[in-house]
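Asker: Okay, here's the structure, questions in a sec.
The values are calculated or read from the model by the stated rules, or taken from the named source; none is laboratory data. In this text, all values refer to a predicted model and were calculated from it rather than measured experimentally. Counting neighbours? That spans all protein chains shown, and the Cβs are built from the backbone with ideal geometry, glycine included. When the accessible area is computed, the model is the full protein with side chains, heavy atoms only, and any ligands, DNA or RNA have been set aside. Shrake-Rupley method; radii C 1.70, N 1.55, O 1.52, S 1.80 Å.
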Amino acid sequence: MTLADKILAFYHTLHLEGDGLPPNVQVLYPYINSNSPIIDSITRQFYNKFYADDFQRRMIIGINPGRHGAGLTGIPFTDTKRLEECCGITVDNFQCHEPSSVFVYRMIAAFGGVKEFYQLYYFTSVCPLGFVKVQSNGKELNYNYYDDKGFFQRIKPFIVEKLQEQLSWGFDRTKAFCLGTGKNFEFVNQLNNEFHFFKELIPLEHPRYVVQYKWKELDNYVQKFVNLLK
């Protein structure tokens, strides 16, 4: 099996029981919804294009899929615009915009392009499934796995099991990168100290933080990422 085969099998069999979810919080299942045939096509094209090999890669670990990015496309930090313009994968059925992907793909371009970057790196998340909290007016907001400590403890076995499953595919465990220098790094570092996933865990600013609060310094952050990832 290629790495693409393993990734696709992993994502298309994910399941988390709904018991114990905080009030009004729902699980995002990009692979099991009204768009699932489209998502299946997108993810198969993407992973077979960039991961149909057995190269050893390093992990870059985000939080959990968001409702405008991986929660819709099934691919971390990738919206439909970046799929088309940067990855050469056309999506005719729907469109989405993920602000974090603006930074990520600018960084990837500075790194050398999608082919070179994805030969060396694999984006994943602490929790491979995302969550949304439904407001009283029906509006959905992203919900992070660490927003409620009780919830984190409830899904911790799932998180650990899925990280270990991905690591069993042969990733480089000497070093990994964590997106988010605050709570995400705090929680991932705790997990790493307990389960020894990686010898070294390096925190990087989350792309959403850069886009939202540091836009004027975006090029500096792009160069920082490239320098560390190279």
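Asker: Pull up segment 148-173, narrow it to residues that are in contact (Cβ under 8 Å) with a residue 40 or more places away in the chain and not in a helix (DSSP H, G or I), then point me to the one that is most open to solvent (accessible area, probe 1.4 Å).
Answerer: Restricting to residues being in contact (Cβ under 8 Å) with a residue 40 or more places away in the chain and not in a helix (DSSP H, G or I), the top hit is 148.
Asker: Right, here's the next one. Would you point out the residue of segment 110-136, among those that are part of a loop (DSSP other than H, G, I, E, B) and in contact with a strand residue (DSSP E or B) (Cβ under 8 Å, 6 or more places away or on another chain), that is nearest to residue 207 (Cα to Cα)? Show your work before the answer.
Answerer: From segment 110-136, those part of a loop (DSSP other than H, G, I, E, B) are 112-113, 126-129, 135-136; that's our starting set.
This time we only want the ones that are in contact with a strand residue (DSSP E or B) (Cβ under 8 Å, 6 or more places away or on another chain), so: 126, 129, 135.
Values: 126: 15, 129: 19, 135: 25 Å.
Filtering segment 110-136 for residues that are part of a loop (DSSP other than H, G, I, E, B) and in contact with a strand residue (DSSP E or B) (Cβ under 8 Å, 6 or more places away or on another chain), the one nearest to residue 207 (Cα to Cα) comes out as 126.
Asker: Among the listed residues 45, 56, which satisfies the condition of being over 22 Å from residue 21 (Cα atoms) and outside any helix (DSSP H, G or I)? Walk me through how you get there before you give the answer.
Answerer: Details: 45 fails: outside any helix (DSSP H, G or I).
From the options 45, 56, the qualifying one is 56.
Asker: Is at least one residue of segment 46-60 open to solvent by 60 Å² or more (accessible area, probe 1.4 Å), touching a helix residue (DSSP H, G or I) at 6+ places or on another chain (Cβ under 8 Å) and either without any contact (Cβ under 8 Å) to a residue 40 or more places away in the chain or more than 27 Å from residue 225 (Cβ to Cβ) (or both)? Steps first, answer last, please.
Answerer: Restricting attention to segment 46-60, the residues satisfying the condition of being open to solvent by 60 Å² or more (accessible area, probe 1.4 Å) are 48-49, 54-56, 58.
Adding the requirement that they be touching a helix residue (DSSP H, G or I) at 6+ places or on another chain (Cβ under 8 Å) leaves 48, 54-55, 58.
In the following step, the residues that additionally are either without any contact (Cβ under 8 Å) to a residue 40 or more places away in the chain or more than 27 Å from residue 225 (Cβ to Cβ) (or both) were identified as none.
Checking segment 46-60: not a single residue is open to solvent by 60 Å² or more (accessible area, probe 1.4 Å), touching a helix residue (DSSP H, G or I) at 6+ places or on another chain (Cβ under 8 Å) and either without any contact (Cβ under 8 Å) to a residue 40 or more places away in the chain or more than 27 Å from residue 225 (Cβ to Cβ) (or both).
Asker: Yes or no: residue 191 more than 19 Å from residue 66 (Cβ to Cβ), open to solvent by 20 Å² or more (accessible area, probe 1.4 Å) and modelled with pLDDT of 95 or more? Reasoning before the result, please.
Answerer: Details: more than 19 Å from residue 66 (Cβ to Cβ): yes; open to solvent by 20 Å² or more (accessible area, probe 1.4 Å): no; modelled with pLDDT of 95 or more: yes.
It is false that residue 191 is more than 19 Å from residue 66 (Cβ to Cβ), open to solvent by 20 Å² or more (accessible area, probe 1.4 Å) and modelled with pLDDT of 95 or more.
Asker: Does segment 76-98 include one or more residues that are touching a residue at least 40 places away in the same chain (Cβ under 8 Å), within 16 Å of the chain's Cα centre (by Cα) and part of a helix (DSSP H, G or I)?
Answerer: Yes, segment 76-98 contains at least one residue that is touching a residue at least 40 places away in the same chain (Cβ under 8 Å), within 16 Å of the chain's Cα centre (by Cα) and part of a helix (DSSP H, G or I).
Asker: Also, quick follow-up: The conditions are (1) among the charged types (D, E, K, R); (2) over 17 Å from the mean Cα position of the chain (by Cα); (3) under 21 Å from residue 152 (Cα atoms), and residue 173 fails exactly one of them. Which is it?
Answerer: (3)
Asker: Please go through segment 203-221 and give me each residue that is open to solvent by 10 Å² or more (accessible area, probe 1.4 Å) and over 16 Å from the mean Cα position of the chain (by Cα), ordered by number.
Answerer: Quick first cut of segment 203-221, residues open to solvent by 10 Å² or more (accessible area, probe 1.4 Å) only: 203, 205-206, 208-209, 211-217, 219-221.
Scanning segment 203-221 gives 211, 212, 213, 214, 215, 216, 217, 219, 220, 221.
Asker: Sticking with this one: So which residues in segment 64-88 are buried (at least 21 other Cβ atoms within 10 Å of the Cβ) and touching a Leu at 6+ places or on another chain (Cβ under 7 Å), if there are any at all?
Answerer: The answer is 64, 65, 71, 73.
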